[in-house]
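Colleague: Just passing along the structure, written as C-alpha cells.
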C-alpha cells in the first residue's frame, strides 16, 4: 500500500494550521533582514513580517533552497518507509530551487539505486507562486488521506497547476520594482497617473493583463476576470496582504458576482511580500 509524503516550499503560503493538520512538510526559504536570518513561515506570522518589512531600511532578501536541503528530506522520507514523495515546487523561472530538487533526486538515486523501485520521488514544477500551487498541495494531501493513489494525486496536482490563474494587483509598486523578480511590474509606468497593474503569470513569466485607474477599479477588475474565466463549480481563493479595506471590498464584490464565498482567504508570506509588496490583493481560480 502506498504511503505518500508531501513537501513544498514556504512560498506556497499554506496556512500553518492547514499544513499541520494534513502533515505537509513545508521547507522554509531563509530570509535575511539586515544581519538577522529568519525561516519564512516559521519565525513570524505574515502580519508580523509586513511590519518587519516596512520598517527595514533595506528590502530583505531571500535565498533559494539548495540541493542539500532536498537530499536530507529525501533521505529521511525513505528511511521512514514512505513509498512516494511528492514535492510541489515554486516557479523554476523565478528560482533555482526547483532545479536543485531535481539535482538532489538524481544524486539520491545514484547513492541509493536500490530505492528506485520502492521509493518514488515526484517533482512538480508549478511555474507559479503562492497558493496558486499551495492549494493543489492541500487538495492532494486530502486525496491521499482518502486513499487516492500516488499517480492520481500527481495527475490532479499537475492538472490544477496547468490551469490555475493567480491574478493580483500590487497597490504599491515600490517592492516589486526594487526586487526586480516580477519583471512586468518593474517595467510598469503610470503610477503618477494613478494607474494600477492587474497582473498574472503565464508559463512562469509575469504579465500585465490590464491597467486601471485607482484601487476601486483594480478590485473590480479582479472580480470581473474571475467571473469570466473561472471554470464553473471550481473553488476560488482570495489573496491578501496588509490592506484589510481593499481585501474586504474584493471579498464582498466576489460574493456578489460569483454568488458564493471563497474556499479560502489567506495572507501572503514573507517571500511573496518581499517581491510583490505587502499592499496587494488578488484572486486565484482555475479555468
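The values are calculated or read from the model by the stated rules, or taken from the named source; none is laboratory data. Since the model is a prediction, treat every value here as computed from it, not as a measurement. Here the Cβ is made from the backbone with ideal geometry for all residues, glycine too, and neighbour counts use every protein chain on show.
Colleague: Among 111, 162, which is within 30 Å of residue 217 (Cα to Cα), modelled with pLDDT of 95 or more and more than 13 Å from the chain's Cα centre (by Cα)?
Modeller: 162
Colleague: Please determine whether any residue of the range 22-30 is at pLDDT below 95 and crowded, with 18+ Cβ neighbours inside 10 Å.
Modeller: Checked the range 22-30: no residue is at pLDDT below 95 and crowded, with 18+ Cβ neighbours inside 10 Å.
Colleague: Which members of the range 18-58 meet the condition of being assigned to a loop (DSSP other than H, G, I, E, B) and within 15 Å of residue 269 (Cβ to Cβ)?
Modeller: Of everything in the range 18-58, those that are assigned to a loop (DSSP other than H, G, I, E, B) and within 15 Å of residue 269 (Cβ to Cβ) turn out to be 24, 28, 29, 40, 41, 42, 43, 44, 45.
Colleague: While we're here: Tally the residues that are part of a helix (DSSP H, G or I) and touching a helix residue (DSSP H, G or I) at 6+ places or on another chain (Cβ under 6 Å), restricting the search to the range 1-17.
Modeller: Here the count works out to 2.
Colleague: List the residue pairs whose Cβ atoms are under 6 Å apart, where the first residue sits in the range 2-16 and is touching a residue at least 40 places away in the same chain (Cβ under 8 Å) and on the phi > 0 side of the Ramachandran plot, the second is buried (at least 24 other Cβ atoms within 10 Å of the Cβ) and part of a helix (DSSP H, G or I), and the two are 6 or more positions apart or on different chains.
Modeller: Short answer, once both residue conditions are applied: 13/131; 13/134.
Colleague: Cβ-Cβ under 7 Å, sequence separation 6+ or interchain: first residue in the range 40-60 and on the phi > 0 side of the Ramachandran plot, partner assigned to a loop (DSSP other than H, G, I, E, B). Which pairs?
Modeller: 41/28; 41/269
Colleague: Which one is farthest from residue 94 (Cα to Cα) among residues in the range 205-264 that are without any contact (Cβ under 8 Å) to a residue 12 or more places away in the chain and assigned to a loop (DSSP other than H, G, I, E, B)?
Modeller: It comes out as 259.
Colleague: Still on this structure: Tell me yes or no: at least one residue of the range 67-89 is in contact with a helix residue (DSSP H, G or I) (Cβ under 7 Å, 6 or more places away or on another chain) and assigned to a loop (DSSP other than H, G, I, E, B).
Modeller: So far as the range 67-89 goes, no, none of its residues is in contact with a helix residue (DSSP H, G or I) (Cβ under 7 Å, 6 or more places away or on another chain) and assigned to a loop (DSSP other than H, G, I, E, B).
Colleague: Starting from residues that are in contact with a strand residue (DSSP E or B) (Cβ under 9 Å, 6 or more places away or on another chain) and surrounded by fewer than 24 Cβ atoms within 10 Å (Cβ to Cβ), keep the ones in the range 259-282 and report whichever is nearest to residue 225 (Cα to Cα).
Modeller: Ranking the qualifying residues of the range 259-282, first place goes to 262.
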